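Report on one structure; see the data block that follows.
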Amino acid sequence: SRKRTNSSSVLIDLTCSDNDESPKKPFAPVVNEQNTVPLKLYSAFLSSNYKKTRRSTEEEGQEKATDARNNTVAVTFATWNIWFGPPHPEMRMAHIASIVTKDIRPMFIGLQEVTLGLSSVLFPLLQSEGYTILCQPDAVATPNSYGCAIGVLLGSSSRIQKSGFLPFSNSIMGRGLLFALVELKGGQKSSSILFTTTHLESFVRDQPQTNQARQDQIKETIQFVEQFVFSNHNKHNNIVAAVVTGDLNWDDERLSNTKKKNASSKTTSTNTQDPPLLPLVQSLSSSFKGALWIDAFLEKKTNEGFTYDAKSNPMLQGGYLQRRFDRCLLRFFVDGSSIQACNLYGQDCIPGITWDKSTYKKNAIKRVPVCPSDHYALAVTVEFPTP
C-alpha cells in the first residue's frame, strides 16, 4: 500500500543559491548507499545504449544545425508513470533508462510513482547520461510511499533558475506539483521554460471525493503556473512556454473514444467521468500574453493515444481499460512555437522475463510478459523560434 498524507498548499522552494553548485537535500536524487546500480544491470544498460547513443548524438548535431539554419530550437518534453508495482523492478528501471536516454532523449522528463527502490536504480542511470534529477520532497525518500521526479538534460548553455514543490491543498494522497524553471541560452538573448509534472488524485471506487480532488488540483496547477509566469516573466528573462505533464488520472474521453457494451458500462458509470479537461484549463487562462493552453496529443493526433491500455499492453492481459491518463499541456508565450511530434514509448515487453500475475476475478495465477511500466511514456517535441 502507498502512504497517504494530508497536504497543505505551502510552496517548498528547492532552488539552489547562485553560489551553491549542489542541490538542496530535499530534491537530491535518492539512491542506495554506494550511489550505484548492480554491475550486471549497468553493463547491460551500457551495452544496449552505447551504439545508439553515439548515433543519436550525430543525429542531434544534424538536427541542431538544421534548427540553426531555420532559426528555431527543438525541445522534447516527456512524461512517464514508471509504476511502483512488484515485477522485476531493477530490470524495468534499466529498460526505462535505456528508452529515455537512447530513444526519446528529452530535455525534460516528468516521472510519477517513483519509489525509494526504483530511484536507486533509475536515477544513477539517468545521471550517467547527463540528467539532473529533482525530487518531490520526502515522498520519494520514504519507504512505502511514492512521488514525482523531474529529469533535466542540462547543457553548457542551460541552467535551473528556480525549482520547487507545491503540495495540493485538497489531497489525501500527498499529491502536488513539482516544477523547474530552466534557462536556455541561445541567439542574442536567453529564454526560459517552466516545466512541471504532477500525479493527480487516483480514482478510488465508492469515493467520489477523489474526482472533485482532481478538479481542484488541476485548477490549483494552472493558477499556480500562470501566476508564476506573470510574476517571474521579467525577473527570469523571457519565459517562452509553460508545460504541465503527468499522470492526470483524467477520464473525460470515455464516451467519445469507446462504444461500450451494456455489460461494460455497469462497471464504469458515467457519473464518475471527469469534465472535459482542455475547456476547463482554458477557462482558467489569464489575460497575460500568449496563446491558450493546448493538449499536445490533440494537436498531433495519429492514433487514440491511450497511455494506459489494458488491451495492447501484454502485461495487463485480460483488462478492458483504455484511457489517455497521461497528458502534456502547453501554453506558448512567443509567436512561432509549434508542436512537431507526439509519440508513445515503452510499448514492447522486456525480452526474457515474465511475471506470475494474480487474476482476481478467477482467483488464479497467470504468467504474463513484463513491460517497462503499466503506463506508456508520452513524448512531445516542440520547435521554438531562436531568441
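The values are calculated or read from the model by the stated rules, or taken from the named source; none is laboratory data. On a predicted model such as this, the values are computed, not experimentally measured, just so you know. Cβ placement follows ideal geometry from the backbone for every residue including glycine, while neighbour counts extend to all protein chains displayed. Calculation scope for accessible area: heavy atoms of the full protein, side chains included, ligands and nucleic acids excluded. Shrake-Rupley method; radii C 1.70, N 1.55, O 1.52, S 1.80 Å.
Summary table
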| item | result |
| --- | --- |
| Residue selected from region 282-310 under the condition of a type in the set (D, E, K, R) and surrounded by 13 or more Cβ atoms within 10 Å (Cβ to Cβ), by the criterion farthest from residue 342 (Cα to Cα) | 309 |
| Residue in region 202-248 that is surrounded by the fewest Cβ atoms within 10 Å (Cβ to Cβ), counting only those that are assigned to a loop (DSSP other than H, G, I, E, B), within 21 Å of the chain's Cα centre (by Cα) and touching a residue at least 60 places away in the same chain (Cβ under 8 Å) | 203 |
| Of all residues in region 335-372 being assigned to a loop (DSSP other than H, G, I, E, B) and in contact with a strand residue (DSSP E or B) (Cβ under 6 Å, 6 or more places away or on another chain), the one that is surrounded by the most Cβ atoms within 10 Å (Cβ to Cβ) | 346 |
| Selection from region 187-201 of residues that are over 21 Å from residue 78 (Cβ atoms) and open to solvent by less than 30 Å² (accessible area, probe 1.4 Å) | 190, 201 |
| Qualifying residue in region 375-383 (condition: assigned to a strand (DSSP E or B), farther than 20 Å from residue 96 by Cα, open to solvent by 10 Å² or more (accessible area, probe 1.4 Å) and among the polar types (S, T, N, Q)) | no |
| Any hit, region 320-334, residues being assigned to a loop (DSSP other than H, G, I, E, B), over 27 Å from residue 92 (Cα atoms) and open to solvent by less than 70 Å² (accessible area, probe 1.4 Å) | yes |
| Answer from 275, 279 - the residue that is surrounded by fewer than 14 Cβ atoms within 10 Å (Cβ to Cβ) and part of a helix (DSSP H, G or I) | 279 |
| Search result, residues across region 133-156 that are part of a strand (DSSP E or B) and of a type outside the set (A, V, I, L, M) | 135, 147, 148, 151 |
